[in-house]
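The values are calculated or read from the model by the stated rules, or taken from the named source; none is laboratory data. Only a predicted model underlies this, so the values are computations on that prediction, with no experimental measurement involved. No Cβ is skipped: glycine too gets one built from the backbone with ideal geometry, and neighbour counts run over all protein chains shown.
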Amino acid sequence: MNQPQQLQIKADDATMRGAYANMMQVQHSKEEFVMDFMNLFPPQGLLTARVITSPGHLKRIAAALKDNLDKYEKQFGQIEEASAPGAEVGFQAR
């Protein structure tokens with residue numbers, strides 16, 4: 001009666017390949033967070049993905065990332081934080 005329902009997730013080939021990002025920018029309003037993932041390769045960059053989510057879900061994402069980072073470092077050792085990009089980054093409409 002109260003058995004959990006299995007949810008099937010579908011993904012096309014392009015989504016399954018993933019998108020590389022070496023920079024992320026975050027903006028927020030009261031209702032949502034917007035995370036832009038970019039691939040910077042001077043003299044330009046490319047927005048590779050945009051994720052928009054609720055504040056409550058973002059908190060779960062942050063906890064899941066921290067948990068996985070802790071597990072990674074326990075298995076493979078401490079990660080040295082990468083330095084921030086030196087140039088100012090902004091969007092240009094096409």
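Residue check: Ser54 meets all listed conditions (1) of a type outside the set (Phe, Trp, Tyr); (2) farther than 25 Å from Ala84 by Cβ; (3) in contact with a Pro (Cβ under 9 Å, 6 or more places away or on another chain) but one, namely (3).
Taking the criterion of being among the charged types (D, E, K, R), loosely packed, with under 10 Cβ neighbours inside 10 Å and either over 17 Å from Leu58 (Cβ atoms) or under 15 Å from the mean Cα position of the chain (by Cα) (or both), the residues of the stretch 1-37 that qualify are Lys10, Asp12, Asp13, Arg17. When restricted to residues that are in contact with a strand residue (DSSP E or B) (Cβ under 8 Å, 6 or more places away or on another chain) and without any contact (Cβ under 8 Å) to a residue 24 or more places away in the chain, the stretch 32-53 contains 11. Taken as a whole, the structure places Gly77 among residues that are farther than 20 Å from Phe33 by Cβ, small (Gly, Ala, Ser), modelled with pLDDT of 90 or more and exposed (fewer than 11 other Cβ atoms within 10 Å of the Cβ).
Based on what the data block shows, is Ala19 under 20 Å from Ala84 (Cβ atoms), in contact (Cβ under 8 Å) with a residue 12 or more places away in the chain and not in a helix (DSSP H, G or I)? Answer is no for this residue.
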